[in-house]
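Report on one structure; see the data block that follows.
Nothing in this text is a laboratory measurement; each read-out follows from the coordinates by a stated rule. The structure presented is a predicted model; accordingly, all values stated were derived computationally and were not measured.
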Amino acid sequence: MSLKGTLLGAAAGFFMGGPIGALIGGILGNMISGSDRRTKPVQPENIKDERTEFTISLLVLFAAVIRADRITKKSEVIFVKDYLIKTFGPENASDMMQLLKGLLEKDIDLVKVCGQIRQSSSYSFRLELVHLLFKLATADDELVTEEVNTIAQITSLLGVYSIDFSRLFAMFAGYHRRESRSYDRQERESSYRKVDPLKNAYEILGLNKSATKEEVKSAFRTLSKKYHPDRVTHLGPEFVKVANEKFIKVKEAYDAITGENMRSE
């Protein structure tokens, strides 16, 4: 069944009266009247479907990040489309891509949008939003300063702790590129941030290299609970799979640090 008749109706119900409702309401109306006049108009539904709420929130924030460097990249569009197909199926993904296209033409007030998301969602919900924004930004195998700044702004407005932003950024630090407009491949490659694997491992755990063994163990135990994929099972299997990537990065960071400590003894 098309999202126009069901899930987008639920989404309209979630966000009616708020800034996200104002953004998507007109776009949904155009989708119905412009593409399928026989379709029954979307009616807001009082259905609490967190998977749909998460995806609509994500699409709005995706649009903000895609516009950050003023370039809509094919790799970013493919990433979003593949994600939507896996989550909702091809027909529904097509509808959602139309919604994203409309959002890319809108001016998004991040203060108001993030405020609405913050009021209606859990911390795990918002943390996973930020994680997926980093995945989108690195879909083209690079992370530019404009994208980092936009994600940092969104993180703060969502009420996600700066230490969690730093941890997530560390997971994607190898993609970060200093500004370079050169078309020379070697020059562009040299502009990527050089990552010290061990230093990066400490950053993922939110520690510095002077941390004791007990501090490392404590940080790992805390993050294993905080970043555990079970915290987003209510969003569906695709979200659990993505959340598991964070969990694996934390485990790899812990293993790297404990392995180095064993070698130095």
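Numbers below:
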item: D (Stokes-Einstein, µm²/s), Kirkwood Cα radius, region 69-158, 1.567 mPa s at 4 °C; result: 91 µm²/s
item: Distance violations [Cα-Cα > 19 Å] among LYS74/LYS101; LYS81/LYS226; LYS81/LYS251; LYS217/LYS251; LYS112/LYS225; LYS225/LYS246; result: LYS81/LYS226; LYS81/LYS251; LYS112/LYS225
item: Whether region 85-128 is rounded, prolate or oblate, judged on the alpha carbon gyration tensor where a/c under 1.5 counts as rounded; result: oblate
